Amino acid sequence: MFPNFFGNSSAATTLHQLVRSGRIPQTILLAGPAGIGKATLARRFAAALLGDPAKIEHDDLSLESNQTIVDDREKWQADKRNDDPLLFATHPDFVTFPPDGPLRQISIPQMRLVKELARLKPLHGSRRVFLIDHIDRANEQAANSLLKTLEEPPDHLVIIMTAENPYDLLPTIRSRAVTLPLTPLAHDDMLAFLKTRGVNHQERRLGLAGGSPGLAVSIDLEVYDQRRTAMWSLLQAAAGQAPFGVWARHSEALGAKKAEKLDLLLGVLYLLLEDLLLLANGIREIRNADMLRELESLANTVTFPWIRNAVKRVDDLAELVRRNIQKSLALDALAVALRPPGQYGSIMLS
């Protein structure tokens, strides 16, 4: 099928058969968790259609050179980004539109550019392929702008979109796409993938990644441990198992790190809460296996309603991330909201 693609054989087989048949849907949606290989599969599919895979792989957003471009644009003024919408197009007939700016969103100017570029004929062959990565990060205006292209796409254009949750998209967009779900990789597929990358701490990466090859290779374990230490202190304070002042020191340090992103901290919180829930139900196969003893201790003191409330409140914060809320204040409020009744009087003691 597709070279160097691991797992999700059903989706890969479907796309491979479409290439062989020549009957290509004009809009395809690849849906699944972050880092699962959606954009990778899109590039492999495009290479099978267009040829010259090496050029297409130059647009892999995980490459350091491309990541530097995306990171540098965060410092640009919004007007400058709007005047120069972000895209990658090393191959003349393959264009990638990734999230842009400090909030990593798909912008209206990008989707307007999709409409403009869609009219151009292929330079080679009979097709052009556009990859809109993370279409679920488009606001309603940007999504509506894309919808105009999806309603009447030129015959030569194939649009591939990726999204973590297809139900975050407008129903009118979802209905115009052939959706292929991608799921976390099985243990053996993950091991095979990691062996090809030669990364260190493979077992730990395997546990933390939860079947996501992209996360397994990209996670910086040292940075992850720093974030986990901070989020663990928040949970301990929130559960009343540690003085609030311990968390307050972490909160102050996080507030001073302007480059630290709230969504990354919330991702660590989700993993810790997932482990607490598993342990509370007697399941010891957890993501943060090196913290088993500490997590078990906390799991034995909190209740299921507390964990459920904590997850809901983290969900609420995740919804606000795109509004650029202040991370320290948001996390402080989370810790206070989860604090058990009767412990508020000593909340700032250390």
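Split the accessible area of the chain by element, probe 1.4 Å, and carbon with sulfur accounts for 51%. Considering only A11, V70, A39, the residue lying farthest towards the positive end of the dipole of segment 1-72 is A11, judged by Cα position with unit charges set on Cβ.
Note on the chain: with a GNM built from Cα contacts shorter than 10 Å, the maximum mean-square fluctuation among I173, I24, I283 falls on I283. Suppose a student asked you for the relative contact order of segment 1-145, using Cα pairs under 8 Å spaced at least 6 residues apart; what percent would you report? Reported relative contact order: 20 percent. Annotation: the chain has a Kirkwood hydrodynamic radius of 22.0 angstrom, from the mean reciprocal C-alpha pair distance. This model, with +1 at the C-beta of Lys and Arg and -1 at the C-beta of Asp and Glu, gives the chain a dipole about its Cα centre of some 420 debye. Across R43, R23, R249, mean-square fluctuation computed from a Gaussian network of the chain (C-alpha pairs under 10 Å connected) peaks at R23. Counted over all Cα-Cα pairs of segment 6-150, pairs farther apart than 24 Å make up 31 percent.
Note that segment 162-254 presents 48 Å² accessible area per residue, ligands and nucleic acids not counted, probe 1.4 Å.
Ligands, DNA and RNA excluded, the heavy atoms of T303 present near 80 Å² of accessible surface to a 1.4 Å solvent probe.
Rounded to the nearest 20, the Cβ-based charge dipole of segment 73-229 about its Cα centre (Lys and Arg +1, Asp and Glu -1) stands at 200 debye. Relative to the longest principal axis of the Cα atoms of the chain, helix 108-118 runs at roughly 20 degrees.
Past 29 Å, Cα to Cα: identify those pairs from K257/K312; K80/K327; K38/K115; K80/K257; K148/K261, in the order given.
K148/K261
Contact order for the chain, expressed relative to its length and based on alpha carbon pairs under 8 Å spaced 6+ residues apart, stands at 18 percent. Here the Debye sum runs over all C-alpha atoms of segment 176-316 as equal scatterers in vacuum, and log10 of I(q)/I(0) at q = 0.20 Å⁻¹ comes out as -1.29. Residue order by solvent-accessible surface for V321, V114, V223 is V223, V321, V114, largest first, with ligands and nucleic acids left out and a 1.4 Å probe. The angle between the Cα long axis of helix 304-320 and the longest principal axis of the Cα atoms of the chain comes to about 50 degrees, rounded to the nearest 10. For K115, what charge total do you get from the other residues with a beta carbon under 12 Å from its beta carbon, if Lys and Arg give +1 and Asp and Glu give -1? Here the charged neighbours net out to 0. Only protein heavy atoms count here; under a 1.4 Å probe, K80 has an accessible surface of about 110 Å².
If each DSSP helix of 4+ residues adds -39,500 (n - 2.57) and the sum is divided by the residues in the chain, what number results at 222 nm, nearest 500 deg cm²/dmol?
My calculation for the chain gives -16000 deg cm²/dmol from helical runs alone.
The values are calculated or read from the model by the stated rules, or taken from the named source; none is laboratory data. Please read all numbers here as calculations on a predicted model, not as lab measurements. No Cβ is skipped: glycine too gets one built from the backbone with ideal geometry, and neighbour counts run over all protein chains shown. To get the accessible areas, we keep the full protein, side chains included, count just its heavy atoms, and leave off ligands, DNA and RNA. Shrake-Rupley method; radii C 1.70, N 1.55, O 1.52, S 1.80 Å.
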